[in-house]
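Reading through the structure tokens given below for one structure.
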Amino acid sequence: MEATAADHRFAEEYRLAREIPRDGLTAWRAAVAAEVALSPGALVVDVGAGTGAFASAFADWFGVRVLAVEPAAAMRALIPRTADIEALDGRAEALPVPDHCADAAWLGSVVHHIDDLRAAARELRRVLKPGAPVLIRNSFPGRCARDLRVRFFPGAERIVDGYPSVEETCAAFASAGFSRVALHAVPQESAPDLATFADRVRRDTDAKLRALDDEEFEHGMRRLRRAAAQEPDRPAVSWMDLLVLS
Ligand SMILES: C[S@@+](CC[C@H](N)C(=O)[O-])C[C@H]1O[C@@H](n2cnc3c(N)ncnc32)[C@H](O)[C@@H]1O
């Protein structure tokens, strides 16, 4: 489906609000490197690649090639086109990727968007080489208290409670022969300070904030601005989980 002007505006806003500055992802680089040895030229499938922030990061960090699969045309249009990154129209449940070609799969903040997680797991089994890992970066119910959005907008926890849990995600992937290898909380520096973080909040680009009512959202913004004034030098550090299956 062709993207509308509103879709393009959303994608631009998503990029401004949600892409983490590369310097803030140092711990994620180390966490991924600890789980999988990605040599230059290896192939990573980025499922639900969005605007391609992690596709670019993987290509830069590890010298890998990335197939960035993204169903939304406007998001896909912002994925950087380089020699190492190919942007493909597709969904997790039907990946436009050949059998047994990939050395790892990356699913960043996408598990809760996938309607049929078992179908996605079957597709990942098909496209991954034997033993290659699935790396899932996501918020999970019961494990999101250190997510900055939950800290300042407590109603966001209610939204995460509706996401697939670690156990549900593992069960869906077990149906395609994957087992849980690791689960770690990993920090990211979302902004150099809380005021910058607050300036970048765009409610509509974030499923966790979009679902709050106006009062919850405004209350959270006031709480965030107050904390920013009290601790002006404190970096905006947030945590998400890395779940690894193989
Ligand atoms: C929250 S964004 C995450 C984007 C990117 N991975 C990141 O970390 O910035 C979720 C993305 O998943 C995509 N998406 C939604 N349903 C999907 C599906 N069934 N398969 C693959 N991607 C999907 C959306 O279009 C959106 O770009």
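For the range 31-177, calculate the relative contact order in percent as a whole number, restricting contacts to Cα pairs under 8 Å that are 6 or more residues apart.
20
Multiplying the sequence separation of A73 and H100 by 0.36 nm and subtracting their Cα-Cα distance, what value in nm do you get?
Values: separation 27, 0.36 × 27 = 9.72 nm, distance 2.62 nm.
Length difference between fully extended and current span is 7.1 nm.
For the range 192-246, rounded, prolate or oblate, judged on the Cα gyration tensor with a ≥ b ≥ c (square roots of eigenvalues), a/c < 1.5 rounded, else prolate if a/b > b/c? Could you put the intermediate results ahead of the total?
Numbers: a/c = 2.59, a/b = 1.24, b/c = 2.09.
In terms of gyration-tensor shape, oblate.
For the range 1-56, what D do you get in µm² per second when you plug the Kirkwood radius from alpha-carbon pairs into Stokes-Einstein at 20 °C and 1.002 mPa s? Can you show the working numbers first?
On the way: Rh = 13.5 Å.
In µm²/s, the coefficient rounds to 159.
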Estimated inter-spin distance, R126 and A229, nm [label 7 Å along Cα→Cβ]: 5.6
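Looking at the chain only, what percent of DSSP beta bridges run antiparallel? Nearest 5 please. It would help to have the intermediate numbers written out before the result.
Numbers: 17 of 35 bridges.
Antiparallel bridges: around 50 percent, rounded to the nearest 5.
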Residues of the range 203-223 with amide N under 15 Å of a point placed 7 Å along Cα→Cβ from R9: 203-205
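Starting from the coordinates of the alpha-carbon atoms of the chain, obtain the Kirkwood hydrodynamic radius over all distinct pairs and give the value in Å to one decimal.
18.4
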The range 80-139 shape via C-alpha gyration tensor axes, a/c threshold 1.5: rounded
Descending Cα extents along the principal axes, the range 99-200, whole Å: 46, 26, 22
About the Cα centre, charge dipole magnitude for the chain (Lys/Arg +1, Asp/Glu -1 at Cβ), debye: 380
Shape of the range 134-246, Cα gyration tensor, a/c cut at 1.5: prolate
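Quick note: the coordinates plus some simple rules give every number you see, no bench work behind them. Nothing here was measured: the structure is a model prediction, and the numbers come from that model. Here the Cβ is made from the backbone with ideal geometry for all residues, glycine too, and neighbour counts use every protein chain on show.
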